[in-house]
Structure formats: C-alpha cells, structure tokens
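S.K.: First the structure, then my questions, so here it is.
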Amino acid sequence: MSLLPFTNLPEELLEIIVTYLPPLDTVAFGRTCRRNNKTTYEPLIWRSHCVREFRYWQPSHDIEDRLEQPPAQTKWRALFVERKKRDKEAQQLFEALLKTQQHRIHRMEKVAKHGYDVKDLLLRERDHTPDDAEDVLARRYYADAILGQIHRATALEKWMRLQKQQMVRLEEVLGAYDLFVLAGKKGDLNDIDRELNRVADAIKSQDLHFDAWTIRDKAIAVARWLREHNLVGNPGEEDYHALRNNFISIALFDSPHTSLPLQSVAIYCAISRRLGIDARPSNYPHHVHAVIQTPLDTTLDGGPRSATRELDYDNPADIMHMDPWRSETELPREALSSRLLQMGAPRAQHSYHLGPSSTLEIALRTGRNIMNSVQQARDLQRQAGGDDGGEGEGPFYPDIDAAWYSMLWSMLVLGDTNAATTLHRRRQCLPYLIEHYQAHFPEDLGLIETLVIPMLGNEREHHVLLHLVTTARTGDANARPISKRPSRDQLRAGLFPIPGTGGVGCKIGTLFRHRRYGYEGVVVGWDTKCSAEPRWIEQMGVDRLPRGREQPFYNVVAADKSVRYVAEENIEVVKEKPSRAVLALAGRWFKRWDGRAGVFVSNIRDEYPDD
C-alpha cells in the first residue's frame, strides 16, 4: 500500500503536524515550498510557539485575553519575533555587563526595563547555568539581581497606584511585599492570583448549588476549607512573629503554610471576593478579623433587604465577623466588643475597630509587622552566628535584608491623609533606605531617581539625593581606578612602605576567617596601608595593632553581607569550600570558586588587574 504524498495531506492535519516543530524548524519547513510557507504563517502555529517558549509576559501584551480570542485576531508570528528580538538584545546586554564593572548598572537597567518579557531569559541564566561554567557565580548573581529589579519595580507600581487611590486589589498590595523576597521561589503576583483562583474554584466545586447558598453559609464554608487544608493559621504560636509569616505567597506555597492573622485574613478575603462575598480586613487592634458585609438587596441569611437602607454594623443580618486564623465559626460581635472594652477602647471607637479597614492601612500595618519580625530575626541570626544557611533555606528565609528593604520602601511610598505625618515618616526612613540601597541593591539607582527624588521635590533632601544620583551615575559610567599590585622592585625602593618583604599578601578572592571574631569572609579589595579616616583609625585602635596602620588593609565581605575593612594580621586564609551564604554573595565580584586553588576567580580585573 503506497503512502499518501506529504503534500497531499489536508491543510488542517498539516497545521497540527507543524505545531510540533520547534520555531526554527517551522521557518525552515516554510522555505521548502509555497504551500508549506503559507501553512507556517498560520496564527495557531505561532500562538503555540509563544505559549511553549515564553511563560512570562509584560502586562501590556494582555496575553490572557489574547489566548481566549480567536487566533487570527492576534499577529502571533510577529509577537513571537518581537519576543525573540527582545531576548537577543537582553542577552547581549547581559553578556556585556558580566565582563566589566563600567556601565554595569546602566546595562542592568536596560535589561530590567523590558520587565516580565525577559524573565524567562533571566530564569534560564540563574537556574540553568551549568555548575562548571566559567562565570557561573556571576551569571547567577546578576540574573537574580535583575529579576529583583523587575519584581521591585512591579511592587512599587502597585503601591504607587494605591497611593494615588487607583484600583488595586488587596492581594496585589500585600503580594508586593513578597516581590522583594522571592529569592527564586514561586510567588509573584500572577502565581498568587492563579492559586487564589484555584482555591476558589475548589471551594465552589464542593457543591453544585454553591451559588444558591446564603452569604453567611458561604463565608463559613470558605473558612472551613482553608483551615481543613492548613492554608491559614499557625498551629505553633511560639514562632508567631517569624518573618515568613508576613508574606502571603509563602503562606500559599510553602509548607507549613503558617501566617500572621493579617495574611490569613487577606487570603480569606481574596478568595471570598472571587466567590461573590464582600469580605474585608477589620481595623481590630492586635488581631485582624474579616468583616463580611451583606449585598444591598439581601441579608446575610438570604432574606429580602431594602437597597436604600444603610448598612447597620450592629445588625447581624447586615454584618458578620470571621477569624479564619483561629476558627471556622462566626465571631459574635458581643465577644469582640467585650474584648475591646478590656483593652480600654472607648465605646465610641468600637464601630471603627469592628468595621472594615482601608487597603492602605492594611499595607502600612503589614510594614509595621515586618519591621518587628525583622528585629526578631536579626536577634536570632546573631545568636546563630550570622550564617543564614544559604538562600531560600534555614530559619532565615525569607532574606532579612530584602524584607527590611520592602518595609522601608512601603513606609516611604505609602502616605496617609495627613501630609505632615507622611513627610515626617519619609524623612525618618529615607536615611535607612539609602543606606540599604547602597549596601545591598545598587542596581535600584533608577528607582531612587524616578520615585524618591520627585517625592521630596520641595524639601531640603532633594539636592542631597540629586547629588547622590549624579555621583552614582558618574561612577557607573567611568572606568574603575586601577590598583596595581606593588612589584618587588617598588617595595625595595620604599615606594610602598609595607613592613616585611611580602607586599600585599592576599589577593582578590581570598577566602578567610577573622582571627579574632571568627567570621567567614572574602577579600574584594585592598590598600597597601590603612587609608581610613583618622577618626576611624582612632576608634578602631588601629595603631595598637602589632603591625599598626602601615600594614595592608583589605575590603572584605562577610557571610552576613556586611562589608568591612580588616588589617592583614587578622586575616587567616582558609582553603575549604565557602559556605552557601558566601557563595550566594560572591557573584557580585567573582566568576566562580576554584576548588583546586582554594580561591574565588576575580571578575573585577578591570580594577585589580594583577589579581
């Protein structure tokens, strides 16, 4: 039996076959003949390629809406080509920023400007660069740093919308905090949205007649399902203030799914809203509850209600309270009022505390909770010796510095109705934000420039910030000053008055343990002698050291992320494999760890060419 010639296949079948070809093979197939070329321009084929090749898309593409429309309504092939061109441009910029410190921040900003359109590319660089790659640490570090830029810009866009009183959902406002601490884990705003939709669908699917239930029954059913599946609450209240409990993505995706009452209620309210329930967090002090309001035309129990009658917060037919963090049962208003009296709250304020809170107040309350949790986490970290066990692991996930940074940004961006109070708070947190940006997030220069400076346009801090940005831009554009290692002839000639004959003993990339304090660190810079200010030299007792101020001093980064200035006599070189904490930081300065030599391979040779 003879086979049917390939060219005689029906058009529909040929299209289906071509959808299984990789994109480049699809183009090659189209060059074989006129008919095949026509087939390879079919929108359905390129829609399939777009979906398979790219998971993340900038919101401007409206990709979810496009996928629901007929394929012919979108130029899928052109969209695919656009994304590929964007990837190519971003890849070239990424390769360039790995090679030199000059223009590095500028190039990072240009990549990050593409937003979620380059997230797939950056995830490949971070998660799939082989361990034996020549610059594995640098690739992973800078890919993750740019991802962080993209996530933080997205978070700040949500907060700015809230500040301008534009439409933004509660879970987006709280999920913005999560964008600061993702650390490569699942949990961005799209992930949160999909998971909340999934849970809402699961609750609704329990009963075919769910839509006919009363609001009260639905509200209780949501709490029951969440508690049965351990998505809210915290069975071990000894870690009530644990940092992880402040982030709703961690509560949704990471076992044991613990959270603070505020995050549990936010999850409850977001799912309830998807099921037609008007549930909002309360203003209750110390412990947030959910306030469920009846629709205008019916009571919570399904009875008729005049749409013109205002909500009565004392009427159980109009309002109910839930505490999904503790229970699946309804909270009696009398019990809540009694507790308020015990706290000393005047009766005149009870309606406020028992009523729904604004999204802005919940966002600020989250920031205050994070501040308290960070302080506790830092105490625990000091007790543990400063090593967090590596990114995404151990008791100090999420990252403490990233969480603190999220709180500082929220306190700066989000203001209240009192302009004087807002300005005072911004002035309080601004020095800490700038310090944190300079130490840990220098790639956020553009955020300082475009968001912070305009906020303080008429204030005394404006010119200081302008100078800071100008200096940083100039420093990024210029080549780094070269520090050449002194030769033996120079040492003999006394041009570098270093005691002994060895010169600068440690090279860039030397792993060490501090002789006195025992912390692990790595050398990222050196001076032939102490070049600190006289006041620092006096405070640190440098002249009381056996070798004094004339010995080499090293800029080092410690496992706890702190940057320090250490005398050579306190450097105890070690050849063992670095801790995960140091490896997570090292990509900022180094290409890889050389296990044979027991040192990091420098990626700052433009500044220290002899190392």
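S.K.: Starting from the Cα gyration tensor of region 488-602, multiply each eigenvalue by 5, take the square root, and state the resulting semi-axes largest first in whole Å.
M.R.: On the way: eigenvalues 122, 61, 27 Å².
The equivalent ellipsoid of region 488-602 has semi-axes of 25, 17, 12 Å.
S.K.: Still on this structure, I have one more. For a quick check: sort 26, 19 by the number of other beta carbons within 10 angstrom, fewest at the front. If you can, show how the numbers build up before the last one.
M.R.: Working: 26 22, 19 16.
Exposure proxy ranking, most exposed first: 19, 26.
S.K.: May I pose another question? Starting with the fewest neighbours, write out 429, 530, 33 ranked by other beta-carbon atoms found within 10 Å of each beta-carbon.
M.R.: Working: 429 18, 530 21, 33 11.
Ascending number of Cβ neighbours within 10 Å: 33, 429, 530.
S.K.: How much length is gained if the chain between residue 206 and residue 129 is pulled fully straight, taking 0.36 nm per residue apart and subtracting their Cα-Cα distance, in nm to one decimal?
M.R.: 23.3 nm
S.K.: Would you compute, from DSSP H runs of 4+ residues alone, the mean residue ellipticity of the chain at 222 nm, taking -39500 (n - 2.57) per run and dividing by the full residue count, rounded to the nearest 500?
M.R.: On the way: 23 runs with 282 residues, N = 611.
Here the helix-only value at 222 nm equals -14500 deg cm²/dmol.
S.K.: With θ set to phi - 60°, apply the Karplus curve 6.51 cos²θ - 1.76 cosθ + 1.60 along region 286-303 and write out the HN-Hα couplings as whole Hz, x wherever there is a Gly or Pro.
M.R.: Residue by residue, region 286-303 yields 6, 8, 6, 10, 9, 9, 9, 9, 6, x, 5, 9, 8, 7, 4, 9, x, x Hz.
S.K.: Okay, moving on. Show the residues, 5+ positions off or on another chain, whose built amide H is closer than 5 Å to the amide H of residue 357.
M.R.: Those lying under 5 Å, H to H, from residue 357 are 282, 283.
S.K.: Another question, then. Only four residue types carry charge here, +1 at the Cβ of Lys and Arg and -1 at the Cβ of Asp and Glu. Report the dipole size of region 172-360 about the Cα centre in Debye, rounded to the nearest 20.
M.R.: Details: 19 positive and 26 negative charges, 22 e Å.
Dipole magnitude for region 172-360 comes out near 100 debye.
S.K.: Here is a further query. Under the 0.36 nm per residue contour assumption, what length would be gained going from the current alpha-carbon distance of residue 342 and residue 379 to full extension? Numbers along the way, then the final one.
M.R.: Details: separation 37, 0.36 × 37 = 13.32 nm, distance 3.21 nm.
Length difference between fully extended and current span is 10.1 nm.
S.K.: Moving to a separate point now. Say each of residue 60 and residue 239 gets a label point 7 Å from the Cα, pointing the same way as Cα to Cβ; how far apart are those two points in nm?
M.R.: That separation, rounded to one decimal, is 4.2 nm.
S.K.: For region 172-360, what is one quarter of the convex hull surface built on the Cα atoms, given in nm²? Please list the in-between numbers first.
M.R.: Numbers: hull surface 45.3 nm².
So the Cα hull casts an average projection of 11.3 nm².
S.K.: Could you please report the charge total around residue 468, scoring K, R as +1 and D, E as -1 over all other residues with beta-carbon less than 13 angstrom from its beta-carbon?
M.R.: Details: positive: 473; negative: 435, 444, 449, 461, 476.
Combined, the nearby Lys, Arg, Asp and Glu give -4.
S.K.: To continue, here is another question. How much FRET efficiency would the formula 1/(1 + (r/R0)^6) give for residue 301 and residue 334, where r is the Cβ-Cβ distance and R0 is 25 Å, rounded to 0.05?
M.R.: Details: r = 18 Å, r/R0 = 0.74.
According to the calculation, E is roughly 0.85.
S.K.: Loop only per DSSP, at most 10 neighbouring Cβ atoms within 10 Å: give me the GluC sites (Glu not before Pro) in region 513-608, ordered by residue number. Intermediate values should be presented prior to the final figure.
M.R.: Values: sites: 520, 538, 550, 568, 569, 572, 576, 607; in loops: 576, 607.
The qualifying sites are 576.
S.K.: Rounded to whole Å, give me the distance from the Cα center of region 411-442 to that of region 45-100.
M.R.: The two parts, judged by their Cα centres, are 36 Å apart.
S.K.: Say each of residue 421 and residue 166 gets a label point 7 Å from the Cα, pointing the same way as Cα to Cβ; how far apart are those two points in nm?
M.R.: The answer from the label model is 2.5 nm.
S.K.: Follow-up question, since we're still on this one. Of 90, 221, 298, which is farthest along the charge dipole of the chain in the positive direction, counting Lys and Arg as +1 and Asp and Glu as -1 at C-beta?
M.R.: It is 90, whose Cα lies furthest towards the positive end.
S.K.: Another question, if that's okay. Suppose the chain between residue 67 and residue 550 were pulled fully straight at 0.36 nm per residue; how much longer would it get relative to their current alpha carbon spacing? Please list the in-between numbers first.
M.R.: Details: separation 483, 0.36 × 483 = 173.88 nm, distance 6.80 nm.
Difference between extended and current length: 167.1 nm.
S.K.: I've got another one for you. Of 604, 586, 573, which is farthest on the positive side of the dipole of the chain, counting Cα position, with +1 on Lys and Arg Cβ, -1 on Asp and Glu Cβ, and the Cα centre as origin?
M.R.: Working it through, the farthest residue towards the positive pole turns out to be 604.
S.K.: Then there is this: About its Cα centre, what dipole magnitude does the chain give when the only charges are +1 on Lys and Arg Cβ and -1 on Asp and Glu Cβ, stated in debye to the nearest 20?
M.R.: Details: 82 positive and 85 negative charges, 341 e Å.
About 1640 debye.
S.K.: Compute log10 of I(q)/I(0) for the chain with the Debye formula, placing one identical point scatterer on every Cα and leaving out solvent, at q = 0.08, 0.10, 0.11 Å⁻¹, to two decimals.
M.R.: Calculated log10 I(q)/I(0) at the listed q: -0.73, -1.03, -1.17.
S.K.: Charges at C-beta only: +1 for Lys and Arg, -1 for Asp and Glu. How large is the resulting dipole of region 332-465 about its Cα centre, in Debye rounded to 20? Don't skip to the end; give the middle numbers.
M.R.: Values: 11 positive and 16 negative charges, 197 e Å.
Dipole size: approximately 940 debye.
S.K.: Same structure again: Using a 7 Å offset from the Cα along the Cα-to-Cβ direction at both residue 82 and residue 466, what is the distance between the two label points in nm, to one decimal?
M.R.: About 3.8 nm, to one decimal.
S.K.: Let me ask something else. Compare the Cα positions of 277, 451, 70 along the charge dipole of the chain (+1 at Cβ of Lys, Arg; -1 at Cβ of Asp, Glu; about the Cα centre) and return the one farthest towards the positive end.
M.R.: The listed residue farthest towards the positive side: 451.
S.K.: Rank the residues 537, 192 as a footprinting-exposure proxy: fewest other Cβ atoms within 10 Å of their Cβ go first.
M.R.: Working: 537 15, 192 24.
Ordered from fewest to most neighbouring Cβ atoms within 10 Å, 537, 192 come out as 537, 192.
Rule-based calculations on the coordinates, nothing more; no lab input. Owing to the predicted nature of the structure, the values given are computational and were not obtained by experimental measurement. Virtual Cβ from ideal backbone geometry, glycine too; neighbours counted across all protein chains shown.
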